[in-house]
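Enquirer: I have a structure I would like to understand better, so I am pasting it below and will then ask my questions one at a time.
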Amino acid sequence: MQNIVIQAPAVAQRRTTREWQAADAAHYLHPFTDFKSLAAKGSRIITKAENIYLWDSEGHKILDAMSGLWCVNVGYGRQELINAATKQLQELPFYNSFFQTATPPAIELAELLAQVTPPQFKHVFFSGSGSEGNDTVVRMVRRYWDVLGQPERTVIISRKNAYHGSTMAGASLGGMSGMHAQGGLPIPGIAHIEQPFWFELGQGQSRDDFGLKAAGWLEAKILEIGADKVAAFIGEPIQGAGGVIVPPATYWPEVQRICDKYGILLVSDEVICGFGRTGQWFGCETFGSKPDLMTFAKGVTSGYIPLGGVMVGERIAKVLIEQGGEFNHGYTYSGHPVACAVALANIRVIQREKLVEKVRDDFGPYLASHFAELAKHPLVGEVQSCGLMAAVQLVKDKATGQTFDPALEVGMVCRGHCFGNGLIMRAVGDRMIIAPPLVITREQIDEMVALIRKCLDLTLADATRHGWV
Ligand code: PXG
């Protein structure tokens, strides 16, 4: 990929930007969006993509440092994935896996997933998305305990500021207060503990001490509820949507020890961390836990087509298979043949191009060294990175770590500069985050970091002008 000039693929411009925006505002309700304010402003219309770049309807080229939405791991425009979809659409565009039937791509993908996931996983349950995967998790862990004759074990412990999706169960597991405030959430039987966010909750302690303390909140919650009522603990290895919160190294091994001590199931939500993002195939391998269930989505198909699911560890699979009888759960698109065919092609690309190893040995450390330099910027309070996900925390006072008044929305100011300068970077409050495609080159990392630095400079100039710093 080195030194290749990336061209925009040709796309016929069917309408002008204004026409797209007008039709969008008239008919399309976007996810997580203030409908009225977007209609007034107009959406940015993305029309094409290649490698790590997007183009909008005005012809602007944009470096997509968010991999679409944490998913386009192998980059845009990969012919193998396109061919796999085309071939499968021609051969068998759909058949279900309900009534004692299956399709070859779903079977082959189940087999391949058993190979690339940690050894405790031999079985998979497919869904259409990460949210549906986590709905499956809730039903499956409760069913497991029921079959074992412990139906009172229903409570699932999660964390504040976690993101596990937007369905009723997914949003309940998640710890986003804005989501709980709408639609009568969380559903019963979900409890939340504090997150392992050192910058916010742990300053004054070493990261390692804080990691043990944060894991201790799990034990305290188990004791408060009663271990005989707790079914499982669920967490993202690194909280993604919460702001790329990389936990201290001590955190996950201690969580594992606590789950083992009380016999509680451990669920690793790998929707973002899976398929190479952290420099191992799955985030639990980077952080040293041995989950019983693993939710996946996004990177399994590099987002080319929707697919999600749950890897089911042998501890649970054995009980459900041998003693469980019928599991009354499933989706029309569980094991969708086209999605599974694309996933197979995607995983083979990741294997053949050794993307996981490259993230671990090359791109991850290279990105980390660049981010260590960004840490010197006057607006930056801390940087965090792991593999190809990273965060920059913006602060008012670098010396004391004092944060900005959230009402100033400094993160959004910075995000505005990114948008204006050809870079897609997310703002979570005042935490600026990235998760670029795993095919990014060193040259492209240089380009991305130069853009980030420029946008930090522009944000600092704004903050200085307004008297915020
Ligand atoms: N678990 C995790 C860890 C996720 O990040 C889901 C589950 C739900 O997946 P689906 O496929 O149902 O969306 C996710 C999704 C953001 C953002 O703003 C993150 C996600 C989705 C939308 C926005 O960072 N993650």
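Enquirer: May I ask for the net charge around GLY59, where only other residues with Cβ less than 13 Å from the Cβ of GLY59 are counted and Lys, Arg are +1 while Asp, Glu are -1?
Expert: In short, +1.
Enquirer: Normalised radius of gyration for region 98-150, please: alpha carbon Rg relative to 2.2 N^0.38 Å, two decimal places.
Expert: Compactness ratio reported: 1.32.
Enquirer: Here is a follow-up. So what's region 172-244 giving for Cα Rg divided by 2.2 N^0.38 Å, two decimals?
Expert: Computed over Cα atoms of region 172-244, the ratio equals 1.22.
Enquirer: Also, quick follow-up: Under a no-solvent Debye model with one identical scatterer per Cα of the chain, what's log10 I(q)/I(0) at q = 0.06, 0.10, 0.14 Å⁻¹?
Expert: -0.26, -0.76, -1.50
Enquirer: Accessible area per residue of the chain at 1.4 Å probe, in Å²?
Expert: The answer is 43 Å² per residue.
Enquirer: Express the relative contact order of region 177-247 as a whole percentage, based on alpha carbon pairs under 8 Å and six or more residues apart in sequence.
Expert: Relative contact order, region 177-247: 29 percent.
Enquirer: Right, next: What is the magnitude of the charge dipole of region 279-394 about its Cα centre, with +1 placed on the Cβ of each Lys and Arg, -1 on the Cβ of each Asp and Glu, and no other charges, expressed in debye to the nearest 20?
Expert: 160 debye
Enquirer: So, R0 is 41 Å and r is the distance between the beta-carbons of ARG453 and GLU326; what FRET efficiency does that work out to, to 0.05?
Expert: 0.10
Enquirer: Taking a spot 7 Å from the Cα of ALA25 along the direction of its beta carbon, which residues of region 31-55 have an amide N less than 14 Å from it?
Expert: Once the point is set 7 Å along Cα→Cβ of ALA25, 35-45 turn out to lie under 14 Å by backbone N, inside region 31-55.
Enquirer: Right, here's the next one. Heavy atoms only, probe 1.4 Å: what % of the accessible area of region 314-375 goes to carbon and sulfur, would you let me know?
Expert: 51 percent
Enquirer: Probe radius 1.4 Å, ligands and nucleic acids ignored: give me the carbon and sulfur share of the accessible area of region 1-151 as a rounded percent.
Expert: 56 percent
Enquirer: Please report Rg over Rh for region 286-333, where both radii come from the alpha carbon positions and Rh follows the Kirkwood definition.
Expert: Rg divided by Rh gives 1.05.
Enquirer: Restricting things to alpha carbons, tell me how big region 203-266 is in terms of Rg and Dmax, in Å.
Expert: When restricted to Cα atoms, region 203-266 yields Rg and Dmax of 12.2, 35 Å.
Enquirer: So how do GLU443, GLU254 rank on accessible area, 1.4 Å probe, biggest first, that is with the largest at the start?
Expert: The most accessible residue leads, giving GLU443, GLU254.
Enquirer: Given a cut-off of under 8 Å on Cα pairs at least six residues apart, what relative contact order in percent is computed for the chain?
Expert: 19 percent
Enquirer: Note down the Stokes-Einstein diffusion coefficient of region 1-58 in µm²/s, whole number, using a Kirkwood radius over alpha carbon pairs, 4 °C, and 1.567 mPa s.
Expert: The Stokes-Einstein estimate is 98 µm²/s.
Enquirer: Ok, one more. Within the chain, what percent of beta bridges assigned by DSSP are antiparallel, to the nearest 5?
Expert: Once the DSSP bridges in the chain are tallied, antiparallel ones form about 65 percent.
Enquirer: A further question on this structure: Consider just the alpha-carbon atoms of region 1-133 and return their Rg together with their Dmax, both in angstrom.
Expert: 19.5, 53
Enquirer: Could you pull the Cα extents of region 252-355 along its three principal axes, largest to smallest, in whole Å?
Expert: 40, 35, 18
Enquirer: Anything over 24 Å Cα to Cα? Flag those among LYS160/LYS298; LYS213/LYS318; LYS41/LYS298; LYS221/LYS298; LYS160/LYS221; LYS376/LYS454, in the order listed.
Expert: Checking Cα-Cα distances, LYS213/LYS318; LYS41/LYS298; LYS221/LYS298 exceed 24 Å.
Enquirer: Could you state the per residue volume, in Å³, of the convex hull enclosing the Cα atoms of region 98-249?
Expert: 149 Å³
Enquirer: Right, something else. Find the percent of Cα-Cα distances in region 162-208 that exceed 12 Å, and round it to a whole number.
Expert: 63 percent
Enquirer: Take the Cα radius of gyration of region 67-182 and divide it by 2.2 N^0.38 Å, with N its residue count; two decimals is plenty.
Expert: With N residues counted in region 67-182, Rg over 2.2 N^0.38 Å equals 1.33.
The values are calculated or read from the model by the stated rules, or taken from the named source; none is laboratory data. Note that this is a predicted model, so its numbers are computed, not measured. Don't worry about glycine lacking a Cβ; one is built from the backbone with ideal geometry, like all the others, and counts go over all protein chains shown. Remember, those area values only see protein heavy atoms, side chains included, never the ligands or the DNA or RNA. Shrake-Rupley method; radii C 1.70, N 1.55, O 1.52, S 1.80 Å.
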